[in-house]
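Only one structure is covered here, and it is reproduced in the block below.
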Amino acid sequence: MKVTRFRVENFRNIDDSGWIPVNRVTAFVGRNESGKTTLLKALHKFNPATAEPVNPQRDFPRDRFTSDFDDPAKWSFCSVEFELDEAFRADIRSLVDGVEPPVSAICTRWYDGDLSVELSPEIAEGSLPPSEIAAGLAAFASSARRLEKVGDEGEDAAAERRSTLATWATGWRDRLNGVADLTGHAELLETLREEAEPRSTPQTADMVETLLNVIEPVWSAVQKDPAGPQIKALIAERMPVFVYFENFGILDSAIYLPRFLEDQEATPSDPRVRTISAMFKHVRLSADDIASLAREEAREQRAVGAAVTAQVIERDRQRKDERAIKLSSASLDITRKFSAWWSQRRHHIRYDADGDYFRIWVSDDRRPGVEIELEERSKGFQWFFSFYLVFLVEAEEGHKHAVLLLDEPGIHLHPTAQQELISFFDNLSEKNQLLYSTHSPFLIDGENLHRIRPVVEDETGHSHISVGEWPRDRDTIFPLQAAAGYAMVRGLFQHRDNLLVEGMTDYYLLTLLAQQARASGRESLSEEIYVTPCGGTKMVGHLASLFLGQDVRPVILLDGDAAGTSRRDALTKELYTGHPGRIVMVDEVLSEPSAEIEDLLGAELLLDAANAALGLKLKLTEADRSAGNSVAQIVAAAKRGKVVLPDGWKPTTALHLVRQWAERGERFPDEVLSRAQLLFRAINTAFAQPS
């Protein structure tokens with residue numbers, strides 16, 4: 001089961017987040033107190049790996065608690081949509097014969113702990129009308145009225161017997177005809193069967209047997225559990241668990257066991273207590289066990305002036321040996337697992353117990369004989385090690401695939417190490433979807449900005465999540481701008497084949513189309529080409545001059561509209577004098593006047609995406625189609641329908657396509673990829689021109 005989107009409602013400072021799309025890796029970016037942690041906490045409590053129940057007094061919005069909150073069964077706080085893979089759907093088919101499994105399911109958690117499941121498409125349960133049994137009862141009544149007398153039976157007695165049987169059957173027929181669907185009425189049919197069987201006599205045996213033969217298949221069908229509830233129960237059972245980790249859960253290297261036992265009893269959900277508990281679970285010893293194995297009977301005997309016997313000494317030795325063996329085994333196990341998971345440097349981890357203290361020592365392959373206490377290692381290593389213990393133990397306890405929720409990860413890491421953390425997250429997400437919060441530009445993947453979900457707080461203190469476009473809040477947008485700038489600067493110094501494009505729409509579409517063209521065997525962008533969006537046609541010249549200052553002349557891609565043509569003319573007169581071949585115009589490549597990057601898709605496909613991304617219902621008329629290029633046609637349709645297209649509707653639409661086509665593995669039509677191939681060929685040719 002893969003998370004595709006989620007929604008948080010009625011939780012702390014979020015009234016309704018709206019549906020938030022989720023990728024393999026999803027980053028929530030925003031300033032402090034914007035609501036990033038709230039999102040992750042709600043997801044965690046939706047299905048936590050270790051119990052952390054929702055608490056209405058703490059979690060329901062404070063400003064509405066007195067006025068709104070009454071019955072916890074009335075309020076939901078988190079909904080998650082899961083996509084069901086084919087293996088899971090095959091399991092459903094084997095469980096419920098003859099039912100086509102759903103493709104996805106929306107699971108909603110309520111404040112009373114209940115979980116509701118909504119299937120898509122819904123399971124169409126077959127109804128069981130009473131018509132066949134009613135017809136059987138009518139036939140029984142008809143036969144009863146024609147029964148012969150039995151032996152010396154008088155006519156009055158025979159007539160009464162006929163009337164009694166017919167009345168019984170007619171009464172049941174009328175009763176069943178009042179039930180539109182017999183599903184869920186197993187007890188009713190059981191009563192009918194129990195009443196029919198005693199009415200079997202030598203004279204009526206055939207009639208009763210015929211009636212029972214009609215009742216039996218319907219009764220058997222009613223006995224079966226409906227498919228929908230079975231499927232919903234299986235989905236609830238198979239849901240992945242959510243493992244949450246925050247910076248406050250970093251381990252200490254010296255743990256005083258008596259104090260920890262007190263904390264574990266008083267505050268079991270404290271992040272630090274939770275991490276230490278995870279470590280002891282990995283050791284397969286409780287803190288109580290380690291403390292009890294540290295007991296020295298010999299010392300206790302001497303303290304009271306008693307003799308120390310050989311048996312006492314032997315028991316002390318056995319306890320110490322048992323503790324040493326278990327800790328040594330756990331040390332080897334965690335060293336092996338952690339080294340396989342974190343491959344930057346090999347570490348050896350040693351668990352040690354000394355009286356009431358539990359200690360963690362770490363050495364590495366650069367100084368293999370030098371052990372250092374955990375808290376003396378870097379903050380980054382402490383974070384990785386502590387997070388790994390929680391992930392390892394809680395994911396195993398859930399016995400399911402885990403979704404990882406990381407709150408402000410790696411804040412103690414150097415910026416270059418934070419950048420490496422992005423690659424680490426990518427590798428980790430191959431088996432576990434990962435969502436994290438950050439305000440560091442170095443933890444934002446500038447090459448995958450579609451994974452970013454900005455979180456902002458409005459003037460009332462409520463959080464809002466931007467899905468289709470970036471917010472206007474400067475503090476929120478700064479890390480995104482910095483990440484994009486950092487990606488550009490890396491491209492400036494690390495890539496010789498730089499392609500400058502006007503904006504994010506070009507970046508999104510080129511990246512996606514290049515992947516699909518390459519997968520289909522068509523000519524695509526060279527993998528050596530690095531695409532940099534410039535933030536508008538006017539900025540192309542400014543950024544090109546930065547590259548030229550480093551003796552790098554990038555290729556430039558411009559739309560064929562008036563702004564693009566004007567920028568091309570200015571560049572060829574100044575910065576690109578003598579190098580016109582390194583400027584590629586979309587209209588010239590497609591041989592379509594005024595063509596823009598969106599014309600690679602065509603107006604119909606672009607309109608479908610715009611409708612889906614913006615929640616519109618626009619349609620093109622013949623008059624709209626004569627308005628010009630694809631963008632002009634959609635603008636004309638909007639104007640005709642008196643719809644105001646929002647600023648940034650084009651990158652919003654392109655971003656929607658990236659999610660729809662890239663994340664779900666769908667492919668563009670052949671005619672779109674053929675047009676894209678023409679553009680990629682022109683760009684690759686431009687890079688072959690002298691710079």
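The values are calculated or read from the model by the stated rules, or taken from the named source; none is laboratory data. Remember, it's a predicted structure, so these values are computed and weren't measured experimentally. Cβ placement follows ideal geometry from the backbone for every residue including glycine, while neighbour counts extend to all protein chains displayed.
Tabulated results
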| item | result |
| --- | --- |
| Single match in Ser34, Ser104 (criterion: surrounded by 18 or more Cβ atoms within 10 Å (Cβ to Cβ) and among the small types (Gly, Ala, Ser)) | Ser34 |
| Segment 635-661, residues that are crowded, with 17+ Cβ neighbours inside 10 Å and under 18 Å from Asn448 (Cα atoms) | Lys650, Pro651, Thr652, Thr653, Ala654, Leu655, His656, Leu657, Val658, Arg659, Trp661 |
| Residue, farthest from the chain's Cα centre (by Cα), within segment 333-378, restricted to residues that are assigned to a strand (DSSP E or B) and of a type in the set (A, V, I, L, M, F, W, C) | Val370 |
| Selection within segment 259-314 - modelled with pLDDT of 80 or more, β-branched (Val, Ile, Thr) and part of a helix (DSSP H, G or I) | Val273, Thr275, Ile276, Val312, Ile313 |
| Selection count, segment 536-574, where residues are part of a loop (DSSP other than H, G, I, E, B) and among the small types (Gly, Ala, Ser) | 3 |
| Which numbered condition Val150 fails, given (1) in the same structural domain as Thr38 (by TED's automatic domain parsing); (2) β-branched (Val, Ile, Thr); (3) more than 30 Å from Pro21 (Cβ to Cβ); (4) part of a loop (DSSP other than H, G, I, E, B) | (1) |
| Ala27, sole failed condition from (1) under 23 Å from Glu122 (Cβ atoms); (2) in contact (Cβ under 8 Å) with a residue 60 or more places away in the chain; (3) assigned to a strand (DSSP E or B) | (1) |
| Candidate set from segment 116-125 (those that are of a type outside the set (A, V, I, L, M, F, W, C) and surrounded by 13 or more Cβ atoms within 10 Å (Cβ to Cβ)); member that is modelled with the highest pLDDT | Ser116 |
| Unmet criterion (only one of (1) in the same structural domain as Thr438 (by TED's automatic domain parsing); (2) over 34 Å from the mean Cα position of the chain (by Cα)) for Ile231 | (2) |
| Matching residues, segment 601-625, being farther than 24 Å from Asp670 by Cα and either of a type in the set (Phe, Trp, Tyr) or free of Cβ contacts under 8 Å to residues at least 24 places away in the same chain (or both) | Gly615, Lys617, Thr621, Glu622, Ala623, Asp624 |
| Every residue from segment 5-20 that is assigned to a strand (DSSP E or B), out of contact with any Ser or Thr (no Cβ under 7 Å at 6 or more places or on another chain) and under 19 Å from Leu655 (Cβ atoms) | Arg5, Ile20 |
| Segments classed as helices (runs of 4 or more DSSP H), wholly inside segment 168-241, with at least 2 members that are loosely packed, with under 12 Cβ neighbours inside 10 Å | 186-196, 205-223 |
| Subset of segment 421-444 (residues that are within 29 Å of Asp15 (Cα to Cα), assigned to a loop (DSSP other than H, G, I, E, B) and within 19 Å of the chain's Cα centre (by Cα)) | Asn432, Gln433, Ile444 |
| Unmet requirement for Ala613, which otherwise passes all of (1) within 25 Å of Glu588 (Cβ to Cβ); (2) part of a helix (DSSP H, G or I) | (1) |
